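**Student:** Mind looking over this structure? Questions follow.
The values are calculated or read from the model by the stated rules, or taken from the named source; none is laboratory data. None of these values were measured; they are calculated from a predicted model. All Cβ positions, glycine included, derive from the backbone under ideal geometry; neighbour counts span all protein chains shown.
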Amino acid sequence: EESGTMNLFFVIDETVITPPLSDSILDGVTRDSLLTLAREMGYAVEERKVSVTEVLKALGEGRSVEAFGAGTAAVVAPISVIGVDGDLYHLPTYSSGSVMFRLKKSLDAIRTGKAEDRWGWNFVL
């Protein structure tokens, strides 16, 4: 559900999926920002539980699968390997056209003032 102080995201066939908020899921600012941007960019967004079986099935079917953590320090951290019961499952190499990188690029542009902050996320100090 969550890694350290990061929220976990999967993208399966360009649908952005992250577990719903609960007592064990961080109500992260970066999580909320990425979900807002994903919707704004036209991606389907689902806040639901994601099983390892679902992810491995999608990989096995050759579908587009991305995985990443999101949090304040790293913003977006790609996941390239998923380990299950001693087996390693490698995710495809991410390109600049991946959903994850598009979301990161958009959020970085807002954070650095290169894009309009329509949500009031930035504060001038």
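**Student:** Please specify each residue of segment 78-101 satisfying the condition of being buried (at least 16 other Cβ atoms within 10 Å of the Cβ), within 21 Å of residue 45 (Cβ to Cβ) and not hydroxyl-bearing (Ser, Thr, Tyr).
**Tutor:** The answer is 78, 79, 91, 99, 100, 101.
**Student:** Identify the residue in segment 46-62 that is loosely packed, with under 14 Cβ neighbours inside 10 Å and among the β-branched types (Val, Ile, Thr) and, among all such residues, is nearest to the chain's Cα centre (by Cα).
**Tutor:** 52
**Student:** All but one of (1) surrounded by 13 or more Cβ atoms within 10 Å (Cβ to Cβ); (2) touching a residue at least 60 places away in the same chain (Cβ under 8 Å); (3) within 15 Å of residue 38 (Cβ to Cβ) hold for residue 119, so report the exception by its number.
**Tutor:** Failing condition for residue 119: (1).
**Student:** Can I ask one more? What are the residues in segment 1-40 that are small (Gly, Ala, Ser) and assigned to a loop (DSSP other than H, G, I, E, B), if any?
**Tutor:** If we filter segment 1-40 for residues that are small (Gly, Ala, Ser), which is where we start, we get 3-4, 22, 24, 28, 33, 38.
Within segment 1-40, 4, 24, 28 qualify.
**Student:** Run down 109, 67, 73 and say which single residue is surrounded by fewer than 17 Cβ atoms within 10 Å (Cβ to Cβ) and either in contact with a Gly (Cβ under 9 Å, 6 or more places away or on another chain) or not in a helix (DSSP H, G or I) (or both). First the steps, then the outcome.
**Tutor:** Numbers: 109 fails: either in contact with a Gly (Cβ under 9 Å, 6 or more places away or on another chain) or not in a helix (DSSP H, G or I) (or both); 67 fails: surrounded by fewer than 17 Cβ atoms within 10 Å (Cβ to Cβ).
Every option except 73 fails the conditions.
**Student:** Still on this structure: Can you find a residue that is modelled with pLDDT of 95 or more, touching a Ser or Thr at 6+ places or on another chain (Cβ under 9 Å) and of a type in the set (A, V, I, L, M, F, W, C) anywhere in segment 17-33?
**Tutor:** no
**Student:** In segment 42-62, how many are in a loop (DSSP other than H, G, I, E, B) and either over 22 Å from residue 105 (Cβ atoms) or in contact with a helix residue (DSSP H, G or I) (Cβ under 7 Å, 6 or more places away or on another chain) (or both)?
**Tutor:** Initial filter on segment 42-62 (in a loop (DSSP other than H, G, I, E, B)): 42-43, 48-51, 61-62.
If we keep only those that are either over 22 Å from residue 105 (Cβ atoms) or in contact with a helix residue (DSSP H, G or I) (Cβ under 7 Å, 6 or more places away or on another chain) (or both) too, we end up with 43, 48-51, 61-62.
Residues that pass the stated criteria total 7.
**Student:** Pick from segment 45-75 the residues that are in contact (Cβ under 8 Å) with a residue 60 or more places away in the chain and in contact with a Leu (Cβ under 7 Å, 6 or more places away or on another chain): which of them is nearest to residue 8 (Cα to Cα)?
**Tutor:** For segment 45-75, the residue satisfying everything is 69.
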